[in-house]
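No lab work stands behind these numbers, since they all come straight from the coordinates. Being a predicted model, the structure only gives us computed values, none of them experimental. Every residue, glycine among them, receives a Cβ derived from its backbone with ideal geometry; neighbour counts consider all protein chains shown.
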Amino acid sequence: MGPSSPKRRLVITIDGPAGAGKSTTARQLASRLGYTYLDTGALYRGIAWKVKISGVDYSNTNQLERLLSTMDLRVSLQNGETRVLVDSNDVTAQLRSPDISRLASSVAAIPTVREWALPIQQRCAGTGGIVVEGRDIGTCVFPDADAKFFLDADVKTRTNRRFQDELKVGQGGDRRKVQDQLLARDAQDRSRKIAPLKPAPDAVVIDSSLLTVGQVVDKMMEIISARR
Ligand code: DC
């Protein structure tokens, strides 16, 4: 492609464990590229919220299928922030609590839930020009993505980031507890049978422990620029 040809609009995936900096990085990367951005964790958090308020036993497949088929879940981007509407209610502010994080990880391990969520995520890609972040995006949702990243960081760094996030929404408690919850969720996300958290074989692994968000985005841009 010559220097003046229009650039291809790529599908870029970022997977990784909780607190690795996926959302901030994905948002900044999308903004630099003029792309849209999809936070797929918001989908699982929206389902978890609905499971919680409806009191459905999520281990009961019939009950869960009924819940999924009747719920109206919308994930949208407003001023660069992901907003989640469940049955027309904006529940975004209620999705970052530790109990919703835990429940999201548990419902995300259920095949019925993942089968339901897969086409919704795939439809969002449209004709490209999107950065999608989650756990199984490069491995299952977009196995043919143009560029795949796996963002990681050491446990201390990830715990600190999550601790700061929770402080911002008035939830910050005990750092040790934040770390224990983070590790328990990672273990669950990595060990589930369906679409476990792991790098795609062709993903570029980046450790963000000692890097700023800007530095991580610079590294990603180098790789992406060569592919456009
Ligand atoms: O990215 P997050 O912390 O908002 O995600 C919440 C949970 O949702 C996470 O612990 C596992 C699940 N999830 C998933 O299974 N697959 C994805 N693509 C994104 C999130």
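Please give the helix 213-225 orientation as an angle from the longest Cα principal axis of the chain, in degrees from 0 to 90, rounded to the nearest 10. That works out to roughly 60 degrees.
Per the Cα gyration tensor, the chain maps to an equivalent ellipsoid with semi-axes of 28, 21, 16 Å, ordered largest to smallest. Here the chain is treated with +1 on each Lys and Arg Cβ and -1 on each Asp and Glu Cβ, and its dipole about the Cα centre works out to around 200 debye. Between L183 and S88, the simple spin-label model (points 7 angstrom out along Cα→Cβ) gives 4.6 nm. Taken over the stretch 117-228, the ratio of Cα radius of gyration to 2.2 N^0.38 Å equals 1.19. Calculated on the alpha-carbon coordinates, the convex hull of the stretch 158-205 measures out at 96 cubic angstrom per residue.
Straight Cα distances below 19 angstrom link K193 to the aspartates and glutamates D15, E115, D136, with same-chain residues fewer than 8 positions distant left out. Axis angle, to the nearest 10 degrees, between helix 155-168 and the longest C-alpha principal axis of the chain: 70 degrees.
The trypsin sites (Lys or Arg not before Pro) of the stretch 171-204 that meet both conditions, a loop assignment by DSSP and at most 12 other Cβ atoms within 10 Å of the site Cβ, are K193. How big is D, in µm² s⁻¹, for the stretch 1-98 by Stokes-Einstein at 4 °C and 1.567 mPa s if Rh is the Kirkwood radius over C-alpha pairs? This corresponds to a translational diffusion coefficient of 83 µm²/s. If you plug the beta carbon distance of V169 and L118 into 1/(1 + (r/R0)^6) with R0 = 45 Å, you get a FRET efficiency near 0.95.
Projecting the Cα positions of L77, V11, G46 onto the charge dipole of the stretch 1-119 (unit charges on Cβ atoms of Lys, Arg, Asp and Glu, taken about the Cα centre) puts V11 furthest along the positive direction. For the chain, the residue among V205, S59, P98 whose Cα projects farthest onto the positive side of the dipole built from Cβ charges is V205.
For K148, K168, the sequence from fewest to most other C-beta atoms within 10 Å is K168, K148. Per-residue ellipticity at 222 nm, computed for the chain from helices alone with -39500 (n - 2.57) per DSSP H run of at least four residues, works out to -14500 deg cm²/dmol.
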